[in-house]
Amino acid sequence: MVSFLIFLGVFLSMECVTWLTHKFVMHGFMWYFHSDHHQPKYAHTFERNDIFFVIFAVPSIVLFYFGVQQGLNYLFFIALGITTYGFCYFIVHDVLIHQRFKWFKNTKNKYLVGLRKAHKVHHKHLGKQDGECFGMLFVPFKYYKI
């Protein structure tokens, strides 16, 4: 039970980490890597912004490594929470919102439509200033209205 609570707590807290990282790192000193993501069309399959997947994966890999060394200790469940959030982020951000993979093109689900609306509001700003809606899985309720 404690392992599940660690996993769940980390998964939920990753939304705060994501919001803070998106607002102050991606739209701050690492804007160079994130800026191509705010352009209307992608020139390539990959973009500089994809480096953030690697940046978030490194702590998970390290935590998984040390978490299995002593028989699935708490570090493993921290890594599992981070990785599961990363997977959800990928599905929501790259598949649902940006349609880099055409898997959920015609969803009518209010929650998923709300996520797309909030992210479109975020992307209306092409520069790093004046951004809004920096979260990913939890966005203001006003975007859930159809």
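The values are calculated or read from the model by the stated rules, or taken from the named source; none is laboratory data. A quick note: this is a predicted structure, and the numbers were derived from the prediction, not measured. Using ideal geometry, Cβ is built from the backbone for each residue, glycine included, and neighbour counts are taken over all protein chains shown. SASA here: full protein model, heavy atoms, side chains in, ligands and nucleic acids out. Shrake-Rupley method; radii C 1.70, N 1.55, O 1.52, S 1.80 Å.
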**Q.** Filter pass, SER60 being small (Gly, Ala, Ser) and surrounded by 15 or more Cβ atoms within 10 Å (Cβ to Cβ)
**A.** yes
**Q.** Extreme residue, farthest from ASP50 (Cα to Cα), among residues of segment 79-106 that are open to solvent by 40 Å² or more (accessible area, probe 1.4 Å), in contact with a helix residue (DSSP H, G or I) (Cβ under 7 Å, 6 or more places away or on another chain) and not aromatic (Phe, Trp, Tyr)
**A.** LEU80
Q: Report yes if some residue within segment 91-99 is touching a residue at least 40 places away in the same chain (Cβ under 8 Å) and in a helix (DSSP H, G or I); otherwise report no.
A: yes
Q: Evaluate segment 19-35: report whether one residue or more is in contact with a Lys or Arg (Cβ under 9 Å, 6 or more places away or on another chain), within 28 Å of GLN129 (Cα to Cα), in a helix (DSSP H, G or I) and charged (D, E, K, R).
A: no
Q) Given the conditions (1) under 19 Å from the mean Cα position of the chain (by Cα); (2) at pLDDT 80 or above; (3) in a loop (DSSP other than H, G, I, E, B), and given that TRP103 satisfies all but one, which numbered condition is not satisfied? A) (2)
Q.
Checking the condition within 19 Å of VAL121 (Cβ to Cβ), open to solvent by less than 80 Å² (accessible area, probe 1.4 Å) and aliphatic (A, V, I, L, M), which residue from MET14, MET26, MET30 passes?
A. MET26
Q) Do the conditions hold for PHE87, that is, is it in a helix (DSSP H, G or I), at pLDDT 90 or above, among the aromatic types (Phe, Trp, Tyr) and under 15 Å from the mean Cα position of the chain (by Cα)? A) yes
Q. Does PHE66 satisfy being open to solvent by 50 Å² or more (accessible area, probe 1.4 Å), free of Cβ contacts under 8 Å to residues at least 60 places away in the same chain, assigned to a helix (DSSP H, G or I) and under 23 Å from LYS120 (Cβ atoms)?
A. no
